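Trainee: This structure is in structure tokens; I'll ask about it shortly.
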């Protein structure tokens, strides 16, 4: 008997005991045992058949801020050679079919209720596209939506709407076969498509970057898109451009390795792309941040990015991890669901799954609304959103060892998959709860992520942390306590927190010490009174 069999037999009695003690019927879905899942959602999948890659993403459910249950990509190269043959690559077709059979089996295992299959440039342009689609339908059992260039652009823009709070600018989505451009604001513009995908442009130019630049310029020269707002934000979508961002992040030793909402001035990105296109990438520091199968297309992707930014006269590049697939999902939401704040939805969900009492976290948000207004701390709309998010997430690290909760929290915030928040916003969230656990003394070393926030944002995060440190000692994470506390500011600038006689026994030395810390952060006297 091998080691694995011995191990399985050893844990079998424990498994039987756990399952027998649970209230499980034969009709109970297998994922109901998973306490880390939102039980109100049922899995849904999107398969994206692109010119270079085929990917299936299984989401936890149809929601404004869905988590990914499973994500797999195969670089099949369907569009390889199409410039000369106008047919899908034979080897790529067989690899795609094999990948789809695996995806279909995985979807069954994950209890996916609906699979949406979309196909882009290679399939819509190929002479043998119809024959290919017929087989895909047989394998997946799902209708295949072959997107026009305009629809591809629209879905990519809807992906940006789902991943950013009130985005405004132009979206560019580069794939293997095409580049889509479309304006995004309160409304979406009319999308256009250009034959400037990485795989296609490589073949059109015979691998010559100088020729690729000429081709890109000739197609971009006549593009006429009006910027919808004052800020000229270019939202960059697509695996090749995400790889560019990863390389840029690594080259700058940026303290947050997340690509989503990573911002770069257009001028800096233009210079960076020129460097990428003219240097040996294998010798470049940070190249290991990019997967090997993406490296070959980096130079051509850099050429397209550079020429696009120059043609559009963009001011800033904003990288996105969300695009076409998320746009498809977003399009299925109701108008009311689409208007929900993706950041706050995700943070509320995480609070539900991880906090000792999510209701208490919501009370924190309401109490700090009042406190910041009373204290005269001015906030932008985004800063208010970030403070609310910090309240929702204030208790998600409680299962960690007390000595390491601050570090645990930094790890969660630095790597969490939620969107609708800038890198500075993540720094604010991280600091607020990092200092809640470490304290606010001079000996506390700020985490590296702190450098992403302005001095004013750092100060606001410290004030929020000081408030947390006071309130948690009174509530012990239970709801119904802090709602009884009131805060007011006197004419002389001093601050008074009042509590009713019914909970006066919660006073003590530790709360008094925390109140002094709050006073130090505010630069004014803070006292506790029993009303």
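Read-outs: derived from the displayed coordinates by stated rules, not from any lab. All figures in this text were calculated on a predicted structure; none of them were measured in a lab. Virtual Cβ from ideal backbone geometry, glycine too; neighbours counted across all protein chains shown.
Trainee: What angle do you read, to the nearest 10 degrees and between 0 and 90, between the alpha-carbon axis of helix 90-109 and the longest principal axis of the chain?
Mentor: Rounded to the nearest ten degrees, it is 30.
Trainee: Out of all DSSP beta bridges in region 149-329, what portion is antiparallel? Express it as a percent rounded to 5.
Mentor: 60 percent
Trainee: Need the full-extension length gain, residue 135 to residue 398, defined as separation in residues times 0.36 nm minus the C-alpha distance. One decimal, nm.
Mentor: This chain segment gains 89.6 nm when fully extended.
Trainee: Can I ask one more? For region 44-147, treating each Cα as an identical point scatterer without solvent, what Debye log10 I(q)/I(0) comes out at q = 0.12, 0.23 1/Å?
Mentor: The computed values of log10 I(q)/I(0) come out as -0.37, -1.19.
Trainee: Run lengths n ≥ 4 of DSSP H only: what is the helix-derived mean residue ellipticity at 222 nm for the chain, with -39500 (n - 2.57) per run over all residues, to the nearest 500?
Mentor: -15000 deg cm²/dmol
Trainee: I need 322, 244 ordered by Cβ neighbour count within 10 Å, fewest first.
Mentor: 322, 244
Trainee: Still on this structure: Mind jotting down the three principal axis lengths of region 149-329 based on Cα atoms? Whole angstrom, largest first.
Mentor: 44, 38, 29
Trainee: Residue 113 versus residue 128, label points 7 Å from Cα toward the beta carbon: distance in nm?
Mentor: Going from the residue 113 label point to the residue 128 one covers 3.8 nm.
Trainee: For the Cα atoms of the chain, what angle does the longest principal axis make with the long axis of helix 239-252, in degrees from 0 to 90, nearest 10?
Mentor: In the chain, helix 239-252 runs at an angle near 50 degrees to the longest axis.
Trainee: When a footprinting reagent is the concern and you count Cβ atoms within 10 Å, what order do 381, 307, 145 take, fewest first?
Mentor: Fewest to most other Cβ atoms nearby, the residues stand as 381, 145, 307.
Trainee: Assuming 0.36 nm per residue, please report the length gained on full extension of the stretch residue 268 to residue 459 beyond their Cα-Cα distance.
Mentor: Roughly 65.8 nm would be gained on extension.
Trainee: I've got another one for you. Treat the count of other C-beta atoms within 10 Å as a stand-in for reagent exposure and order 206, 491, 349 from fewest to most.
Mentor: So the ranking, lowest neighbour count to highest, is 491, 206, 349.
Trainee: Quick one: which of 314-320, 272-278, 66-72 comes out on top by average Cβ neighbours within 10 Å, and what's the full order, highest first?
Mentor: Going by the mean number of other Cβ atoms within 10 Å, highest first, we get 314-320, 272-278, 66-72.
Trainee: Two decimals, Cα atoms only, Kirkwood Rh: what is Rg/Rh over region 276-434?
Mentor: Computed over Cα atoms, the ratio is 1.06.
Trainee: What fraction of the Cα pairs in region 443-531, stated in percent, has a spacing above 18 angstrom?
Mentor: Above the 18 Å cut-off, region 443-531 has 48 percent of its Cα pairs.
Trainee: Just to be sure I understand: of the beta bridges DSSP finds with both ends in the chain, what percent are antiparallel, rounded to 5?
Mentor: Given both bridge residues lie in the chain, the antiparallel proportion sits at roughly 55 percent.
Trainee: Considering all projection directions equally, how large on average is the shadow of the alpha-carbon convex hull of region 224-281, in square nanometres?
Mentor: Orientation-averaged projected area of the Cα hull: 5.2 nm².
Trainee: Between residue 531 and residue 231, what FRET efficiency follows from the Cβ-Cβ distance if R0 is 35 Å, with the result rounded to 0.05?
Mentor: E between residue 531 and residue 231, to the nearest 0.05, is 0.15.
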